[in-house]
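Visitor: Mind looking over this structure? Questions follow.
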Amino acid sequence: MSSLRLATRGSQLAIAQSDIASEALRAADPALDVEYVVVRTEGDIDRTSPLHQIGGRGVFVRAVEQALLDGRADIAMHSLKDVPTAPVEGLTLAAILPRGDPRDVLVASGGRRLAELPPGARVGVGSVRRRLLLHMLRPDLEVAEIRGNVDTRMGKVASGEYDAVVIAAAGLDRLGRLGEATQVFEALEFLPSPGQGAIAVQCREDDTETVERLLAIDDPATRASVEAERGFLAELGAGCTRPVGAYAQVDGDLLALRAMLGDDEGEHARFGDAAGPAADGDDLGRGLARQLLAPPPGGNGAS
């Protein structure tokens with residue numbers, strides 16, 4: 001029996017996503033044994049600081065990648081939205097699994113939708129993107145930073161500390177709790193984080209046997225979509241802390257991308273669209289980023 005050591009965070013959601021990756025690998029090779037190597041990341045250790053203050057996207061990834069580089073693991077599972085766009089020398093994202101639900105959801109007390117929350121209601125979010133999108137829809141709400149796993153966030157709604165939280169649909173779905181969402185936001189209106197809902201499996205570039213094994217479970221349509229979204233993000237630069245959203249859809253050989261770039265104050269945003277061959281997703285994303293970075297006609301800021 002062949003075996004692989006899979007590096008993963010230890011949260012309930014991370015293990016559930018690792019199970020999805022393991023099942024895909026075993027579907028391709030029923031004799032394969034997958035052993036989990038649980039890693040604690042910076043984001044798991046510091047559960048209170050805003051993510052953009054302690055490392056942004058890489059905060060849940062670096063320690064897991066180090067397990068690959070150190071030889072403690074053969075593959076690593078990541079939520080793709082957490083993975084920085086800059087490549088890591090010696091590592092490759094060899095498989096992107098079929099995408100889960102890319103949307104965000106509202107979980108509110110009393111089963112309420114966003115429009116039913118009273119003025120001043122306290123809504124917890126974990127990103128500047130969600131903060132901006134909520135501000136644009138309901139500027140009368142109190143939008144506050146929230147950290148922690150799904151149980152922690154939803155528990156703060158149940159306790160009354162927050163009136164609602166906004167979280168990823170895919171996470172709730174993979175935990176069997178999507179039915180607790182009180183509203184699902186449409187992806188083209190409430191733009192998700194680039195790569196949201198997708199699971200990536202990483203390995204060492206020089207491990208050709210494992211690369212080939214992972215290529216067998218790669219989903220081309222999902223990869224094309226997320227390459228466009230991540231191309232948009234990459235063109236903005238690694239230091240970008242502005243609100244960013246992107247969502248791409250593939251239809252046959254064609255791809256359509258919609259993206260958003262917020263201003264530094266997190267109060268306004270510019271939106272744009274691009275379309276073209278699915279094989280050119282990265283270029284489409286980068287081109288749209290340059291378009292939104294350019295000063296708008298007759299103005300100097302986001303709108």
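The values are calculated or read from the model by the stated rules, or taken from the named source; none is laboratory data. Fair warning: this is a prediction, and the values are worked out from it, not measured in the lab. Cβ: placed from backbone, ideal geometry, glycine included. Neighbour counts: every protein chain shown. We work out accessible area using only protein heavy atoms, side chains counted, and drop any ligands, DNA or RNA first. Shrake-Rupley method; radii C 1.70, N 1.55, O 1.52, S 1.80 Å.
Visitor: Please work out whether region 149-280 counts as rounded, prolate or oblate from its C-alpha gyration tensor, where a ≥ b ≥ c are the square roots of the eigenvalues and a/c under 1.5 means rounded, while otherwise a/b larger than b/c means prolate and anything else oblate?
Guide: Values: a/c = 1.85, a/b = 1.28, b/c = 1.45.
Note, shape of region 149-280 comes out oblate.
Visitor: Report the FRET efficiency, 1/(1 + (r/R0)^6), for ALA144 and LEU254, where r is their Cβ-Cβ distance and R0 is 51 Å, rounded to 0.05.
Guide: Values: r = 40 Å, r/R0 = 0.79.
Efficiency for this residue pair is about 0.80.
Visitor: Another question about this same structure. If contacts are Cα pairs under 8 angstrom and at least 6 residues apart, what is the relative contact order of region 52-203 in percent?
Guide: Values: 242 pairs, mean separation 62.7, N = 152.
Relative contact order here is 41 percent.
Visitor: Give the percent of DSSP beta bridges with both residues in the chain that are antiparallel, rounded to the nearest 5.
Guide: Working: 34 of 49 bridges.
Bridges in the chain that DSSP calls antiparallel: roughly 70 percent.
Visitor: Span-like helices, the chain: DSSP H, alpha-carbon axial extent 20 Å or more, mean Kyte-Doolittle 0.0 or greater, which ones?
Guide: Numbers: long enough: 12-28 (25 Å, 0.43); 220-236 (24 Å, -0.07).
Correct list, ordered by number: 12-28.
Visitor: Oh, and also: Take each of the peptides 137-147, 65-75, average the number of other beta-carbon atoms within 10 Å over its residues, and list them starting from the highest.
Guide: Working: 137-147: 15.1, 65-75: 18.0.
Going from most to least packed, we get 65-75, 137-147.
Visitor: Dipole of region 213-303 (Lys/Arg Cβ +1, Asp/Glu Cβ -1, origin at the Cα centre): which of ALA248, PRO277, PRO295 lies farthest to the positive side?
Guide: Selected residue: PRO295.
Visitor: Hey, another quick one. Highest first, please rank the peptides 33-39, 276-282, 111-117, 168-174 by the mean number of other Cβ atoms sitting within 10 Å of their residues. Walk me through the numbers before you get to the answer.
Guide: Values: 33-39: 15.9, 276-282: 17.4, 111-117: 14.3, 168-174: 22.4.
Sorting 33-39, 276-282, 111-117, 168-174 by mean packing, highest first, produces 168-174, 276-282, 33-39, 111-117.
Visitor: Taking the simple approach of a point 7 Å from Cα along Cα-to-Cβ for both LEU215 and GLU189, what is their distance in nm?
Guide: Distance between the two pseudo-spin positions: 4.3 nm.
Visitor: How high is the relative contact order of region 224-303, in percent, counting Cα pairs under 8 Å that sit 6 or more residues apart?
Guide: Numbers: 163 pairs, mean separation 28.3, N = 80.
Reported as a whole number, the value is 35 percent.
Visitor: Using a 1.4 angstrom probe, figure out how much accessible area region 173-303 has per residue, in square angstrom, rounded to the nearest whole.
Guide: Details: 6080 Å² over 131 residues.
Spelled out: the 1.4 Å probe surface of region 173-303, per residue, equals 46 Å².
Visitor: Which percent of the accessible heavy-atom area of region 147-236 goes to carbon and sulfur, probe 1.4 angstrom? Each step should come with its number before you reach the end.
Guide: Values: 1500 of 3400 Å².
Here it works out to 44 percent.
Visitor: When only DSSP loop residues count, what GluC sites (Glu not before Pro) in region 198-303 have their Cβ near at most 12 other Cβ atoms within 10 Å? Intermediate values should be presented prior to the final figure.
Guide: Working: sites: GLU205, GLU209, GLU212, GLU227, GLU229, GLU235, GLU265, GLU267; in loops: GLU205, GLU265, GLU267.
Answer by residue number: GLU265.
Visitor: Distance in nm between label sites at LEU178 and ALA279, each 7 Å beyond Cα in the beta-carbon direction?
Guide: A separation of 3.3 nm, rounded to one decimal place.
Visitor: Here's something else I'd like to know. Determine the relative contact order of region 177-284: mean sequence separation of Cα pairs under 8 Å and six or more apart, normalised by residue count, in whole percent.
Guide: 26
Visitor: At 7 Å along Cα-to-Cβ for each site, give me the label-to-label distance between ILE15 and ALA31 in nm.
Guide: Distance between label points: 3.0 nm.
Visitor: Please find the FRET efficiency linking CYS240 to LEU69, where r is the Cβ-Cβ separation and R0 is fixed at 22 Å, and quote it to the nearest 0.05. Please report the intermediate quantities before stating the final value.
Guide: Numbers: r = 26 Å, r/R0 = 1.17.
Taking R0 as 22 Å, the efficiency between CYS240 and LEU69 is 0.30.
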